[in-house]
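Accompanying notes for the structure given below.
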Amino acid sequence: MNNKYFQIVVLAKQVPDTHNVGKDAMKEDGTINRAALPAIFNPDDLKALEMALACKDALKDIMPVKVTIITMGPPRAAEIVRESMFRGADNGIVISDKRFAGSDTLATSYALSAAVKKLGHVDLVFTGRQAIDGDTAQVGPQVAEKLELPQITYAEELVSMTENEIIIKRRLDRGVETVKTTFPVLVTVHGNANDCRPRHAKRVIMYKNASTYSERQQSTDNSQQTLSTEALWEKRPFLKIEEWNADDINPDFSRLGMSGSPTKVKSIENVVLTSKENKTINNSESEINELMKELITAHII
Ligand SMILES: Cc1cc2nc3c(=O)[nH]c(=O)nc-3n(C[C@H](O)[C@H](O)[C@H](O)COP(=O)(O)OP(=O)(O)OC[C@H]3O[C@@H](n4cnc5c(N)ncnc54)[C@H](O)[C@@H]3O)c2cc1C
């Protein structure tokens, strides 16, 4: 553990809101039209943030704790860093660079693990179990492997937390397992975990102007620009959201973006179900198996 403070990192992703998919959601080539979908905080990652903040609460009378959000995505992903600060996070970093484009889970986890390494000493890393757009649930465990950290997956409940150990209940297919470990460790948080606490009014007032350098450059709000970015950050360092590009995380460039992504998408099919395609089956194993075969053959599942 760091002598000065206990460092918690939450890896959080901004995702398209797949619950509000309208007719413009898909492009003709079958890829997602991200511009037509509102961007939201990945739901599991909000739960990961809550568990991180609960850990901070548990330690607050024992030692200082810092909760840092790291997100990799376009510059507008700074929105979820601010959202996290409104709810209790201390600061955040946006990892953004065109050289990350086309990253599969391997390249994504490589870039995120390089960013965590750059932070220096880290005691606890939280991720969501799964992102609602990519949906692979691979990134958390891959980051743990790359950082050579033990991992607790599918965390559902924080049972207790001290400066030396954490006890967590994890969701299994048929029950719950309670595990205990020391630090450092990476934890992936299940969707059944506690909802994130709401924004805190005082924190919203304090952090509403927190921004990255590129947001400050693009801002048309003159009230924000009365001070130069550097002068503002010198006066109020808590308003600085760090922005790192590929050079900043000191990577092996061959492991980033397309070149670091062995997964190749061969084709994408847009499956649109119509009401005519309803089928009623009996609750028998043979009919269910038959339906499963049909769905697989038709590439629906
Ligand atoms: C060949 C290929 C090309 C792709 N090209 C693109 C592309 O050009 N642009 C694009 O947007 N996507 C692209 N993707 C999708 C991209 O790989 C995934 O979105 C990304 O790797 C994360 O995987 P996931 O969404 O399945 O996350 P999961 O593994 O389901 O996520 C688990 C958890 O990991 C953490 N996490 C995941 N991603 C991030 C992140 N970016 N920042 C912080 N935390 C994170 C979160 O805590 C999340 O809950 C591509 C995928 C493939 C296979």
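When the chain is modelled as a GNM with alpha-carbon springs shorter than 10 Å, which of Ala107, Ala201, Ala12 fluctuates the most? Evaluated over the chain, the most mobile residue of the options is Ala201. Placing a label point 7 Å from the Cα of Tyr5 along the Cα-to-Cβ direction, the residues of the range 57-81 with a backbone N closer than 20 Å are 57-71, 80-81.
Peptides 115-128, 279-292 ordered by packing proxy, namely the average of other Cβ atoms within 10 Å per residue, highest first: 115-128, 279-292.
At a 10 angstrom cut-off on C-beta neighbours, averaged per residue, how do the peptides 151-162, 83-94 rank from highest to lowest? Mind dumping the intermediate values first?
Working: 151-162: 18.1, 83-94: 22.8.
So the peptides 151-162, 83-94, ranked by packing, come out 83-94, 151-162.
For the pair Asp57 and Val176, label points projected 7 Å from Cα toward Cβ lie 1.7 nm apart.
A cut-off of 5 Å between modelled amide H atoms, ignoring neighbours fewer than 5 places along the same chain, links Val10 with Thr68, Ile69, Ile70, Phe126.
Relative to the Cα centre, what is the charge dipole magnitude of the chain, using +1 at the beta carbon of each Lys and Arg, -1 at the beta carbon of each Asp and Glu, and rounding to the nearest 20 debye? Before the final figure, lay out each step's value.
On the way: 38 positive and 41 negative charges, 149 e Å.
Roughly 720 debye for the chain.
Taking Ala77, Ala144, Ala36 as the candidate residues, the one with maximal mean-square fluctuation in a Gaussian network model of the chain, Cα springs under 10 Å, is Ala36.
So, by mean Cβ neighbours within 10 angstrom, what's the order for 96-104, 65-73 with the highest one leading?
Details: 96-104: 17.7, 65-73: 23.0.
The packing order, highest mean first, is 65-73, 96-104.
The angle between the Cα long axis of helix 43-59 and the longest principal axis of the Cα atoms of the chain comes to about 40 degrees, rounded to the nearest 10.
What shape does the range 169-301 take by its C-alpha gyration tensor, where a ≥ b ≥ c are the square roots of the eigenvalues and a/c under 1.5 counts as rounded, a/b above b/c as prolate, and the rest as oblate? Before the final figure, lay out each step's value.
Values: a/c = 2.16, a/b = 1.90, b/c = 1.14.
It comes out prolate by the Cα gyration axes.
In the chain, the longest principal axis of the Cα atoms and the axis of helix 285-297 are about 70 degrees apart. Modelled spin-label separation between Ile296 and Gln217, with each label point placed 7 Å from Cα along the Cα-to-Cβ direction: 5.1 nm.
As a test of the formula, what do you get for the chain when each DSSP H run with n ≥ 4 contributes -39,500 (n - 2.57) and the sum is divided by the residue count, at 222 nm and rounded to the nearest 500 deg cm²/dmol? Provide the component values of the computation, followed by the final result.
Working: 8 runs with 84 residues, N = 301.
Roughly -8500 deg cm²/dmol at 222 nm, from the helical runs in the chain.
The simple Förster model, with R0 at 22 Å and r as the Cβ-Cβ distance, assigns Lys118 and Gln138 a FRET efficiency of 0.50.
Using R₀ = 30 Å, calculate the FRET efficiency as 1/(1 + (r/R₀)^6) where r is the Cβ-Cβ separation of Ala101 and Met206; round to 0.05. Provide the component values of the computation, followed by the final result.
Values: r = 34 Å, r/R0 = 1.13.
After rounding, the FRET efficiency stands at 0.30.
Note on the chain: dipole from Cβ charges, positive end direction compared against Leu112, Thr229, Ile152; the farthest Cα belongs to Thr229. The distance linking the range 164-204 with the range 110-160 is 12 Å (Cα centroid to Cα centroid, whole angstrom).
Between Arg76 and Glu234, take the C-beta separation as r, use R0 = 25 Å, and let me know the FRET efficiency to the nearest 0.05.
Working: r = 25 Å, r/R0 = 1.02.
According to the calculation, E is roughly 0.50.
Throughout, read-outs are computed from the coordinates displayed, never taken from laboratory work. Small disclaimer: the values here were computed from a predicted structure and weren't measured. FYI the Cβ positions are ideal-geometry reconstructions off the backbone, even for glycines, and counts take in every protein chain you see.
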